[in-house]
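A.B. asks: Here it is, the structure in full.
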Amino acid sequence: MDTSPGTPHRMDPAGGCPHADNARLLERGAVAAVVLPGEVEGMAVLGHEALKEFLAHPEVAKGAEHFTELREGRIAPGWPLATFATVRGMTTADGEDHRRLRSLVSKAFTARRVEELRPRIEELTAGLLDDLRAAAERDGGVADLRRHFAMPLPMGVIGELLGVDAEHRDRLHHLSNQVVATDIGPEKALAANRELVAVLAAVAVARGERPGDDLTSALIAARDEEGDRLSQEELIGTLVLMIIAGHETTLNLLTNAVRALCGHRDQLELVMKGEGGVGWADVVEETLRWDAPVSYFPFRYPVRDLTVDGTVIPKGTPVLAGYSAAGRDPSVHGPDADRFDVTRPGRSGATRHLSLGHGAHYCLGAPLARMEATIALERLFTRFPDLDLAVTEAELSRHSSFVGNSVRALPVRLGTSHG
Ligand code: HEM
Ligand code: HEM
């Protein structure tokens, strides 16, 4: 990477570990000029304070109509990041429209509903740990934790949340993997997207006929209310969003937490013994900070030229939210920001990291993600206290995208099973 001042940083579509580049960029400033795939000029906000300010700024928008190059037709058809900009729904809505779409879901996605999912999450976790052990027994004691545990868990939980009948679950799982896959062609991805929409429409029909205490039924009730509060298209779009947004993110969090703990066994020990009041929730928060599951999230656009930490971000520029960089910003997290430390003071304050977003678009699924990850890690290490990576950290192959931050597979040796 060229680090001379003013040279834009080339975002690597092949992903890779972001932290070395992040540290170099942060040394130059809180805001960096970047080149996006397809030679599109953009910027990234990486400093913690700058990102916090930017995410909550009233003159920063998410609607694609603010993306100058796109509006002027200068973005090539099939641009790999187009979907993030142009997908319709909560993530690309602003102002009143965003409040309407979000409030319908948040009303149905209450703390009570999340808490009610706890027993089902525990049950799903237990079942998946059995599957994980079976997979390891088939394969000389080694199993891919991502494939057999960290991936099916979020999908199972979202299935519960949305009220998806058993007959549709496997298909949904497969399709949502395809939609976010970066290693399949555009035609396949498009076909998967179409089918995902069709399956979710069938789920909505089923819940319309037999409503339950689930999010889909609650959204259908909103759709059918007087005053067009939610269109059919928005209903399906919201279901797609819940599946996509809750999937890769939670998967990466679990993967990164297991890697961090295996690489810092003294800290694993502390947590297992519950010493110093350190618990699994602290592991979750420290992992979110230290190795953010969402690395660079596309896009926001300033609606006028905006100066952030001394750097001008021109109106209409596509800006990435640099979560993985902000989590290790030494000006907020101290000179040892790059050290994984579950005992870090202020660790449980959600204010200490921005990895679940900030401002109007703050992660809607945060309470669910936190509960799910806490249960999953606690159960995993209680059952397999000797669990360890089956290869070295350096041998793990990285995720091929700069949006997410994780590895492709996580081969682990389970060791003795307790229970
Ligand atoms: C560890 C897991 C998760 C992480 C790290 C995460 C991270 C994030 C981040 C960073 C954002 C803000 C994106 C931006 O605009 O810059 C976000 C938004 C969102 N997340 Fe999550 N998320 C997680 C889990 C979930 C789950 C489980 C769900 C739902 C079941 C979910 C649903 C959403 C939705 C709907 C939004 C959009 C909110 C809006 O635009 O108003 N997330 N998430
Ligand atoms: C781990 C982080 C994430 C990764 C690796 C990831 C990856 C992807 C990929 C590869 C696509 C397909 C793009 C295309 O079809 O061209 C996609 C679509 C999408 N993502 Fe993510 N994403 C992540 C996090 C999030 C979060 C936090 C949100 C919500 C705030 C989100 C919302 C969406 C939406 C709405 C779509 C479009 C779905 C559709 O096709 O209708 N993603 N994501």
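The values are calculated or read from the model by the stated rules, or taken from the named source; none is laboratory data. Keep in mind that this is a model prediction, so the values were computed, not measured. So basically every Cβ, Gly included, is an ideal-geometry build from the backbone, and we count neighbours across all protein chains shown. The area values use the complete protein model at the heavy-atom level, side chains included, leaving out ligands, DNA and RNA. Shrake-Rupley method; radii C 1.70, N 1.55, O 1.52, S 1.80 Å.
A.B. asks: Expressed in nm to one decimal, what extension gain is obtained for the pair Ala198 and Arg88 from 0.36 nm per residue of sequence separation less their Cα-Cα distance?
C.D. replies: Going from the current span to full extension adds 37.9 nm.
A.B. asks: Pull up all non-local amide H partners of Arg398: gap of 5 or more, or a different chain, and H-to-H distance under 5 Å with H placed in the peptide plane.
C.D. replies: Here the answer is Arg408, since their amide H atoms fall under 5 Å of that of Arg398.
A.B. asks: Let me ask something additional. Please state the equivalent ellipsoid semi-axes for the stretch 106-204: what are the square roots of 5 times the Cα gyration tensor eigenvalues, largest first, in whole Å? Could you put the intermediate results ahead of the total?
C.D. replies: Details: eigenvalues 118, 101, 22 Å².
Largest first, the stretch 106-204 gives 24, 23, 11 Å.
A.B. asks: Just to be sure I understand: with springs between alpha-carbon atoms less than 10 Å apart, which residue in Val105, Val114, Val391 has the highest mean-square fluctuation in the Gaussian network model of the chain?
C.D. replies: Among Val105, Val114, Val391, the largest mean-square fluctuation in the Gaussian network model of the chain belongs to Val391.
A.B. asks: Using a 1.4 angstrom probe on heavy atoms only, work out the carbon and sulfur share of the accessible area of the chain in %.
C.D. replies: 53
A.B. asks: Ok, one more. Report ³J(HN,Hα) in whole Hz for each residue of the stretch 12-24, in order, from the Karplus equation J = 6.51 cos²θ - 1.76 cosθ + 1.60 where θ = phi - 60°; Gly and Pro get x.
C.D. replies: 3J(HN,Hα) across the stretch 12-24, in whole Hz: 7, x, 7, x, x, 5, x, 6, 5, 4, 4, 5, 5.
A.B. asks: Between Lys273 and Glu72, what FRET efficiency follows from the Cβ-Cβ distance if R0 is 56 Å, with the result rounded to 0.05?
C.D. replies: On the way: r = 60 Å, r/R0 = 1.07.
About 0.40, to the nearest 0.05.
A.B. asks: Determine, from the Cβ-Cβ distance of Glu96 and Glu187 and an R0 of 51 Å, the FRET efficiency 1/(1 + (r/R0)^6), rounded to the nearest 0.05.
C.D. replies: Values: r = 37 Å, r/R0 = 0.72.
It comes out at approximately 0.90.
A.B. asks: To continue, here is another question. Would you work out the relative contact order for the chain, in percent, from Cα pairs under 8 angstrom that are 6 or more residues apart?
C.D. replies: 26
A.B. asks: How do 146-156, 185-195 rank on mean C-beta neighbours within 10 Å, highest first?
C.D. replies: 146-156, 185-195
A.B. asks: Compute from the Cα atoms of the stretch 227-361 the Rg and the Dmax, the latter being the longest Cα-Cα distance, and quote both in angstrom.
C.D. replies: 18.2, 58
A.B. asks: Please list Asp224, Asp12 from largest to smallest accessible area, probe radius 1.4 Å, with all protein chains kept in place.
C.D. replies: The most accessible residue leads, giving Asp224, Asp12.
A.B. asks: Additional query: Expressed in nm², what is the orientationally averaged projection area of the convex hull enclosing the Cα positions of the chain?
C.D. replies: Convex hull of Cα atoms, orientation-averaged projection: 20.4 nm².
A.B. asks: Now a separate question. Which of the lysines could a cross-linker span from Lys52 if the Cα-Cα distance has to be under 30 Å and same-chain partners fewer than 8 positions apart are dropped?
C.D. replies: In chain and number order, the partners are Lys62, Lys107, Lys315.
A.B. asks: I need the trypsin sites (Lys or Arg not before Pro) found in the stretch 32-107, filtered to DSSP loop residues with at most 16 other beta carbons within 10 Å of theirs.
C.D. replies: Sparse-neighbourhood loop trypsin sites (Lys or Arg not before Pro): Arg74, Arg88.
A.B. asks: Related question: Set the Förster radius R0 to 45 Å, insert the Cβ-Cβ distance between Thr307 and Arg229 as r into 1/(1 + (r/R0)^6), and round the FRET efficiency to 0.05.
C.D. replies: The value I calculate is 0.70.
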